[in-house]
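Enquirer: One structure follows; several queries about it will come next.
Laboratory data are not the source of any read-out in this text; all were calculated from the coordinates shown. Remember, predicted model here, so these are calculated numbers, not experimental data. Every residue, glycine among them, receives a Cβ derived from its backbone with ideal geometry; neighbour counts consider all protein chains shown.
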Amino acid sequence: VENSPTLLRLFGSQRGMSNIVRHLKVTIVDSDWGIWLDHNTGAVCVGAEYLTIAKINCLYLDVIHVLVHVKQFLDGKDLFDQTFEYVDRPTEIEAYRYTVDEAKRLQMSEDEILRYLRVDAVDDSELGRLIEKIGVRPRR
């Protein structure tokens, strides 16, 4: 993670990124849910069951995504602005853009990226809006 040029761009410097990652609190919880940021404490929560079933690329991209939220949290952004639907929320769009940039850096195909994004999208309409906003080409 600390060698990711995508995260380096987000955090601005290797030192800044390293300080945040090194002091980050991570909690493994009894859940099958993925990875999320506790909006009260700024701690990263990881579902124990998710750790046993997640594919390594998906797990890595989820870590990238949540680290964007960590940076947003530290910057005082409202991560859960309920005036937006999930896929329209500016903080989610930003997090997915960085995540997709990292997926492309890993040379994941558009189809692999779409499969990754489909996990979080609620329905095809929302997925369509999300991929349009973050610059992923839909399947033809």
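Enquirer: Going by what's in this entry, would Val100 be described as within 14 Å of the chain's Cα centre (by Cα), closer than 20 Å to Pro5 by Cα and of a type in the set (A, V, I, L, M, F, W, C)?
Expert: Judged against the criteria, Val100 is a match.
Enquirer: Which residues, counting only those in region 66-89, are loosely packed, with under 13 Cβ neighbours inside 10 Å and more than 21 Å from Arg118 (Cα to Cα)?
Expert: Leu74, Asp75, Gly76, Asp81, Gln82, Thr83
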